[in-house]
Every structure is written in C-alpha cells, then in structure tokens.
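First comes the structure, then the notes that go with it.
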Amino acid sequence: MTCIFQRGILGLLVVALVWLPTLQVRAAKLQALGDDGTLTGPFAVVEVHASLLSDVTDWSTLAGTFGYAFKGGYRWSSWGVFVQLEHNLWLSTEMGNDVVDGAVNIGIGGEFVYADGFVRTSLTLGPSILAFDTILDKAGTTGIFLDVRPVGLRWAVYEYLVIGLDPLSFSIVAPVLGGIPLVNIQYRTTVYLEGAF
C-alpha cells in the first residue's frame, strides 16, 4: 500500500514538472495588480507537499513525509505576509509502513514575489504541535516549525488563479524539544493553487 502511495506522489510530481512548463507562461503579476503594476491584495493558497529526501539515514529516500496546507495572506507591492495551517503526515517505519498523524504546524510567514510575478521566495515560522501519542510524548506537545522556500515558480493560468511549484524547500518540524527531542528535517517538493480576491 505504501509503495503504491509513494509511486502516486512521485507520479503527481513528475506530471506537474512536465505539464506546468507547457502552460502559457503569463506573468503572475496579472493577479490583482495595483495601480503601480505590482501584486497587491488578499490571496488564499491550497497546497500539497511530499518530502522526497530525509536526514534520517535508515528511512526510504522516497516520501518520508507528506501533507497539505492552507494559507491566507495579503501582498503589498510584491511583498506579502500570510498565516499557514499545515498537517504533516509521517510514515512510521518502526511498525511496518503505517501513516501517522505527525504534526500540525501553524506559522506566520513573509514572502517576496519577483521576476514579473514568476518567482517567489518565502519564510515561515511558528509552533509545531505533535498530533499523535508516542511512547515518550503525548499528543499536543508543542515545539517549533520553520519552512524556508528559496525559489518557487508560479504560472498564471487565469487572471486571478496561479499554479505554483516549489521544487525544493527546507523545513524543520520539531514538535518535541524537551527530553529526547523529536526533530524532523525535511526537504520538500510542494505544488499549490493560489487565488486572489
């Protein structure tokens, strides 16, 4: 079952990498332009991610974690702020390859959109909340969450609709900092759909 899931995630990412560049590459600045020709206004994002690489040497290199997130924010002249709510699911390797709830991450972030709206860089920071009981820690234990996305690509598919791809980002999901820390370093690939209002 896990193998099928891993192949499915990999297949979706390959399709995204092949299909997105074939879209008519319109600058995402078409979206909610201000009077000065820059991105301005509120936006909402739905995204899915998978961690294709992990810092844990005995894990599979494919789909160690995956999840989904929702963002809402506002942009001023290509600079933006947003709030992110994310569910990060983990593959448990100790007892077979079961999927566990992992962590819920809440963050406040900032971003900069440049190259005529085609490229985006962002940083998110906030709490990471353990979503399941482990042998040592209870669900609800809270630590830190950091998400760094150096370069993401954006394609405007409609005046107020953008499809985005962050090919490689760096995330620290650390819901447990005391005792024996539970720190998960993830190298993610993310695909998202963004709408402006």
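In nm, to one decimal, how far is the residue 77 label point from the residue 136 one, both placed 7 Å along Cα→Cβ?
If labels sit at residue 77 and residue 136, their model points lie 4.9 nm apart.
Compute the Cα gyration tensor for the range 73-197, then decide on rounded, prolate or oblate, letting a ≥ b ≥ c be the square roots of its eigenvalues: rounded whenever a/c is under 1.5, prolate when a/b is larger than b/c in the other cases, and oblate in all that remain.
Judged from the Cα gyration tensor, the range 73-197 comes out prolate (a/c at least 1.5, a/b above b/c).
Ranked from the most accessible area to the least, with a 1.4 Å probe and all protein chains present, what is the order of 159, 86?
Accessible-area ranking of 159, 86, largest first: 159, 86.
Apply 1/(1 + (r/R0)^6) to the Cβ-Cβ distance of residue 129 and residue 159, taking R0 = 45 Å, and write down the FRET efficiency to the nearest 0.05.
Given R0 = 45 Å and the Cβ-Cβ separation, E is 0.75.
In nm, what is the difference between 0.36 nm times the number of residues separating residue 170 and residue 87 and their Cα-Cα distance?
That pair, residue 170 and residue 87, stretches by 28.3 nm at full extension.
How many percent of the accessible area of the range 91-197 is carbon or sulfur, using a 1.4 Å probe?
Carbon and sulfur together cover 70 percent of it.
Suppose each label sits 7 Å from its Cα in the direction of the beta carbon; what would the residue 185-residue 116 distance come out to in nanometres?
3.8
With a ≥ b ≥ c the root eigenvalues of the C-alpha gyration tensor of the range 137-185, is it rounded (a/c under 1.5), prolate (a/b larger than b/c) or oblate?
Judged from the Cα gyration tensor, the range 137-185 comes out prolate (a/c at least 1.5, a/b above b/c).
Solvent-accessible area per residue for the range 127-197 at a 1.4 Å probe radius, Å²?
45
The values are calculated or read from the model by the stated rules, or taken from the named source; none is laboratory data. Every value quoted in this text rests on a predicted model; they were computed, and no experiment measured them. Positions of Cβ are backbone-derived with ideal geometry, glycine not excepted, and every protein chain shown enters the neighbour counts. When the accessible area is computed, the model is the full protein with side chains, heavy atoms only, and any ligands, DNA or RNA have been set aside. Shrake-Rupley method; radii C 1.70, N 1.55, O 1.52, S 1.80 Å.
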